[in-house]
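Here the structure comes first, spelled out in structure tokens, and everything after it is commentary.
The values are calculated or read from the model by the stated rules, or taken from the named source; none is laboratory data. Here the structure is a predicted model, which means the values were calculated and not measured. With ideal geometry, Cβ positions are generated from the backbone for all residues, glycine too; neighbour counts draw on all protein chains shown. Note: areas computed on protein heavy atoms with side chains; ligands, DNA, RNA excluded. Shrake-Rupley method; radii C 1.70, N 1.55, O 1.52, S 1.80 Å.
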Amino acid sequence: SLLCLQEPSNKRVRPLSRVTSLANLISPVRNGAVRRFGQTIQSFTLRSDSKSPGCTQKSCSRSAAPTPPKRRNSVLWSETLDVNMKESLSTKEIKRQEAIYEMSRGEQDLIEDLKLARKAYHDPMLKLSIMSEEELTHIFGDLDSYIPLHEDLLASLGEATKPDGTVEQIGPILVKWLPRLHAYKGYCSNQLAAKALLDQKKQDRRVQDFLQRCLESPFSRKLDLWSFLDIPRSRLVKYPLLLKEILRHTPKDHPDIQILEEAISIIQGVLSDINLKKGESECQYYIDKLEYLDEKQKDPRIEGSKALLCHGELKNKNGHKLYVFLFQEILVLSRPVTRNERQAYQVYRQPIPVQELLLEDLQDGDVKMGGSFRGAFGNSDKAKNIFRVRFQDPSLGQSHTLQANDVFHKQQWVNCIRTAIAPFQRTAAAPELKELPELSEESEENNPSASNIRAQKRQSTMAGITEMELDENTAECSSIVDSEETKGAKTHRTSSGHRKSREKQLSGKRKETLV
């Protein structure tokens with residue numbers, strides 16, 4: 001009977017020992033702190049139902065152990081001093097040394113995490129054939145090449161540190177070292193594609209299990225793989241803050257003052273260049289994923305774009321999800337689709353060039369959202385956070401009523417579109433305003449059909465066609481005519497009560513931004 005009791009126990013222990021041996025492949029590193037600022041991309045959390053049985057047993061077996069800390073235990077510079085040394089320094093100098101020490105400690109933590117990313121993730125996944133070498137290179141980039149870069153700064157700071165632990169001058173070291181951060185251009189530019197590939201590979205059960213086991217191991221500090229891969233970008237964002245903190249606590253007569261100001265200017269220039277390069281890369285990434293249903297949808301302004309001003313998910317009037325891109329010179333609406341497990345964007349309707357774009361900021365309840373399911377609930381589906389975009393010339397394409405998730409995202413979209421169309425408004429509207437005392441809701445600026453509308457108006461007046469027969473676009477543009485025609489049109493409008501009421505409804509219904 002004793003043998004019968006022991007046998008199932010041994011069977012359960014064997015797979016658990018294999019899990020432990022995998023964890024032993026990944027050597028833990030000593031504790032310390034990762035200070036993360038401005039993280040923009042978060043990796044999705046693995047679902048509990050996707051864990052393997054071995055993983056479930058593993059987590060149960062460690063339930064009694066204390067949860068490992070997510071951050072390292074940091075020590076302040078002042079805590080390393082003896083009482084006599086601390087009393088000999090002013091409060092301002094202590095704060096200055098604290099800021100310098102934080103920079104030094106941060107470099108040390110960054111180096112450890114870069115080494116950890118290769119030792120705990122890259123090498124085991126390559127050794128176990130969980131991912132191919134090409135895939136790992138695409139995800140990890142040249143992460144190893146940045147370790148010597150930060151080791152050089154750490155060594156220079158160590159050499160500048162006196163026996164009592166203080167650093168007299170840090171400015172010259174930083175001015176010489178900071179330009180080398182341009183090396184991160186390639187790494188940061190590849191982050192979007194790397195994140196997309198990593199998310200795709202997480203659908204693989206082996207990758208999912210490996211990353212989950214790493215996440216539960218003490219060395220990870222409960223940070224997932226993408227958190228480690230994003231640490232260099234987070235560190236770059238923090239440099240200006242650290243330098244400004246050091247400068248703030250540096251006496252005005254200190255030789256570091258002007259040099260630190262120069263260092264801040266250098267790092268801001270470096271970050272600006274990296275952001276520009278990253279923006280171009282992001283723009284091209286999405287351009288490459290666009291799919292066209294019709295050759296007429298293709299526009300050279302899309303392929304020639306170097307910056308993506310705004311992009312994200314919105315809903316149309318029917319409640320369907322669209323993914324909208326506002327490039328430098330053109331607005332593109334698309335539908336997200338999946339092709340061979342890869343995300344793509346199928347262009348929806350005709351893209352709208354910014355110089356021909358009209359924006360309407362609609363009030364909540366102005367439009368009733370449709371859809372087969374939503375339409376069954378009557379008055380309960382009045383839309384909020386909506387705006388409308390369309391061609392200035394209605395004959396060129398349909399209008400699109402779009403809904404954002406909340407008022408904040410709606411305002412972001414509206415502000416971004418207004419900023420994009422503002423240069424075209426200024427250049428096109430100025431000449432017209434000099435000639436005309438008033439403008440109707442829709443003007444003829446940049447409208448290729450304006451001359452046709454005027455011709456139609458003349459013919460309509462001569463033929464005695466009633467105002468009821470004119471279409472909406474002709475009616476809206478009827479105020480922009482020659483002085484004699486304007487006078488005649490006003491007389492005709494006075495005699496038409498229907499036209500008056502329609503104009504009143506139009507002016508109260510919407511407020512349009514003219515392009």
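Taking the condition crowded, with 18+ Cβ neighbours inside 10 Å, hydrophobic (A, V, I, L, M, F, W, C), in a helix (DSSP H, G or I) and at pLDDT below 95, does Phe228 pass? Please lay out each step first, then the result.
Values: crowded, with 18+ Cβ neighbours inside 10 Å: yes; hydrophobic (A, V, I, L, M, F, W, C): yes; in a helix (DSSP H, G or I): yes; at pLDDT below 95: yes.
Criteria met by Phe228.
Might you check whether a residue that is crowded, with 17+ Cβ neighbours inside 10 Å and in contact (Cβ under 8 Å) with a residue 60 or more places away in the chain occurs anywhere in the range 332-345?
Yes, there is a match, as at least one residue in the range 332-345 is crowded, with 17+ Cβ neighbours inside 10 Å and in contact (Cβ under 8 Å) with a residue 60 or more places away in the chain.
For (1) part of a strand (DSSP E or B); (2) modelled with pLDDT of 90 or more, each residue gets a yes or a no:
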site: Ser305; (1), (2): no, yes
site: Phe325; (1), (2): yes, yes
site: Pro336; (1), (2): yes, yes
site: Gln350; (1), (2): no, yes
site: Gly371; (1), (2): no, no
site: Gly375; (1), (2): no, no
site: Phe387; (1), (2): yes, yes
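Pairs under 6 Å by beta carbon, first residue outside the structural domain of Asn275 (by the TED database) in the range 291-316, partner of a type in the set (Ser, Thr, Tyr) and outside any strand (DSSP E or B), six or more apart or different chains?
Lys298/Tyr292
May I ask you to list the residues in the range 264-307 that are in contact with a helix residue (DSSP H, G or I) (Cβ under 8 Å, 6 or more places away or on another chain) and small (Gly, Ala, Ser)?
Those that are in contact with a helix residue (DSSP H, G or I) (Cβ under 8 Å, 6 or more places away or on another chain) and small (Gly, Ala, Ser): Ser281, Ser305, Ala307.
If I ask for residues that are without any contact (Cβ under 8 Å) to a residue 24 or more places away in the chain and over 13 Å from Leu181 (Cβ atoms), which ones from the range 261-286 would you list?
Glu261, Ser265, Leu276, Gln284
Can you say whether Ser272 is of a type in the set (Ser, Thr, Tyr) and either open to solvent by 60 Å² or more (accessible area, probe 1.4 Å) or assigned by the TED database to the domain that holds Cys188 (or both), as far as the supplied structure shows?
yes
Of all residues in the range 295-313, which are over 19 Å from the mean Cα position of the chain (by Cα) and open to solvent by 80 Å² or more (accessible area, probe 1.4 Å)?
Glu295, Lys296, Lys298, Pro300, Glu303
Suppose we filter Glu261, Glu245 for residues that are open to solvent by 10 Å² or more (accessible area, probe 1.4 Å), assigned to a helix (DSSP H, G or I), touching an Asp or Glu at 6+ places or on another chain (Cβ under 9 Å) and of a type in the set (D, E, K, R); which single one remains? If you could, list the steps in order and put the result at the bottom.
Working: Glu261 fails: touching an Asp or Glu at 6+ places or on another chain (Cβ under 9 Å).
Residue meeting the stated conditions: Glu245.
Looking at the range 122-219, what helices (runs of 4 or more DSSP H) fall wholly within it and have at least 1 residues that are open to solvent by 20 Å² or more (accessible area, probe 1.4 Å) and not assigned by the TED database to the domain that holds Ser88?
Ranges flagged: none.
Among the candidates Gln363, Gln398, which residue alone is modelled with pLDDT under 90, open to solvent by 30 Å² or more (accessible area, probe 1.4 Å), part of a loop (DSSP other than H, G, I, E, B) and within 30 Å of Gly304 (Cβ to Cβ)? Before you say what the answer is, go through the steps one by one.
Values: Gln363 fails: within 30 Å of Gly304 (Cβ to Cβ).
Testing whether each residue is modelled with pLDDT under 90, open to solvent by 30 Å² or more (accessible area, probe 1.4 Å), part of a loop (DSSP other than H, G, I, E, B) and within 30 Å of Gly304 (Cβ to Cβ) leaves just Gln398.
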